[in-house]
1. Under a plain spin-label model, where a point goes 7 Å from the Cα along Cα-to-Cβ, how far apart in nm are residue 167 and residue 34?
2. Considering only DSSP states other than H, G, I, E and B, which chymotrypsin sites (Phe, Trp or Tyr not before Pro) in region 295-377 qualify as loop sites with at most 16 other Cβ atoms within 10 Å?
3. Give the angle, between 0 and 90 degrees and rounded to the nearest 10, that separates the Cα long axis of helix 289-305 from the longest principal axis of the Cα atoms of the chain.
4. Rounded to the nearest 0.05, what FRET efficiency is calculated for residue 60 and residue 138 with R0 set to 22 Å and r the Cβ-Cβ distance?
5. Using Cβ contacts closer than 10 Å as the measure, can you line up 48, 155, 1 from fewest to most?
6. Using a 7 Å offset from the Cα along the Cα-to-Cβ direction at both residue 97 and residue 317, what is the distance between the two label points in nm, to one decimal?
7. For region 318-394, run through the trypsin sites (Lys or Arg not before Pro) and keep only the ones in DSSP coil with at most 12 other Cβ atoms within 10 Å of their Cβ.
8. What ranking of 73, 43 emerges when the number of other C-beta atoms within 10 Å of each C-beta is taken as an exposure proxy, fewest first?
Amino acid sequence: MIAIIVAATAGVISGWIFGEDMLAFSFAGDIFLELLKALAIPLIVFSMISGIASLKDIRKLGSLGASTVSYYLVTTGIAVFIGLVFVNIIKPGMGFEAIALDTIPEKVQQKTEYSLIDVIAGIFSANLFMILIIFSLICGIVLSIINKKAQKVIMAINYFHELTMKILHWFLWIAPLGIFAVVAARLGKAGGGEAFYAELIKVGKYSLTVILALIFHAVIIMPMILRFLAKINPVEYFKQILPALSTAFATASSSATLPVTIESVSENKDISEQVSSFVLPLGATINMDGTALYEAVAAIFIAQVYGIDLSFSQQIMIFLTANLAAIGAAGIPEAGLVTMVIVLRSVNLPLEGIGLLLSVDWFLDRWRTSVNVWGDAVGAAVLSKFNMGSKNKT
Ligand code: ASP
């Protein structure tokens with residue numbers, strides 16, 4: 001944990017000072033990300049199949065699924081609400097001098113229309129995780145039904161699960177190097193500390209609104225949920241999850257962070273692996289509190305900049321679509337920027353406004369991704385408590 005934090009800090013300092021020179025490290029960062037993503041595949045498959053196959057009563061899976069989805073929807077809703085409150089109070093877009101923006105940024109040009117069908121299709125197509133989750137679910141259910149005959153297969157899968165966890169454990173020893181490379185190279189790409197700072201202060205009030213609201217959700221709301229619903233000490237748990245949060249901050253991808261999230265959550269012996277093996281992969285795909293909050297703040301910021309007054313019902317519309325846009329966003333860097341089209345379109349805000357957010361989005365993405373991962377970890381604790389009561393390791 002300490003090594004990861006030191007590496008992230010060293011990455012920031014070197015990227016800040018040496019700027020573009022640090023791009024030399026980007027190859028190491030890319031390798032690190034690819035390895036993480038590769039590890040996530042066997043982890044999802046083996047941990048989920050082994051968790052589900054070992055459920056004594058397969059009917060429990062239905063209630064686990066329903067409670068997971070409901071919990072995710074409620075907490076994401078709370079996050080959006082917090083974003084709306086902060087942006088309406090701070091009003092970062094008021095008096096903002098926008099240089100005439102008349103082009104839709106390239107990043108969102110390919111997808112300027114989003115329907116509900118697109119969101120649902122987006123969750124599945126080109127989203128390996130969702131496919132793996134469904135595949136593992138089906139395998140787990142089948143194995144649990146034919147339980148006796150499949151004992152050997154279940155045992156083999158349990159061994160493979162242990163094996164992947166072991167590899168992951170070893171891999172985490174080199175994670176600090178990867179994190180250093182990713183952070184230093186990204187700051188280098190932004191031109192180093194001074195160039196980045198100059199960009200940041202241009203939209204300083206907006207960035208501050210996003211960050212403050214995210215911090216409020218992460219350090220006030222989530223700990224309350226942990227304390228009262230999961231009956232877990234939030235400070236202790238936060239420390240356990242810190243490696244995953246630093247990885248999320250470094251990589252800006254909740255999917256790539258998933259292996260570290262699984263490892264960090266497994267450190268807490270009170271959390272059932274059966275539950276977390278299901279809740280975490282699903283969370284990395286659809287539960288994004290940070291992204292949802294950010295979508296709402298960004299949309300209202302754009303409205304404020306363009307001097308568009310939003311009615312109460314339009315803000316409700318933003319509330320609903322921000323939830324949807326977060327569900328539809330993949331756990332990869334800056335996915336939220338693209339799905340923001342859903343929110344802006346719903347209340348006829350100009351897509352050109354996304355151009356205002358581009359320069360700092362990579363940075364804010366790190367904050368929201370960390371909150372996304374924190375939300376998944378808190379979810380694992382709460383859902384474990386409700387579905388298993390107490391410790392129930394596989
Ligand atoms: N980068 C975020 C994640 O992976 C998604 C986003 O908000 O862009 O969780």
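Throughout, read-outs are computed from the coordinates displayed, never taken from laboratory work. If you're wondering where the values come from, they're calculated on a predicted model, not measured in any experiment. Glycine gets a Cβ as well: all are built from the backbone with ideal geometry, and neighbour counts include every protein chain shown.
1. Label-label distance for residue 167 and residue 34, simple model: 1.5 nm.
2. 306
3. 10 degrees
4. Working: r = 16 Å, r/R0 = 0.74.
Plugging the Cβ-Cβ distance into 1/(1 + (r/R0)^6) gives 0.85.
5. On the way: 48 25, 155 12, 1 16.
Listing 48, 155, 1 from fewest to most nearby Cβ atoms yields 155, 1, 48.
6. Between residue 97 and residue 317, the simple spin-label model gives 3.2 nm.
7. Details: sites: 345, 366, 368, 385, 391, 393; in loops: 391, 393.
Answer by residue number: 391, 393.
8. Numbers: 73 14, 43 23.
Ascending number of Cβ neighbours within 10 Å: 73, 43.
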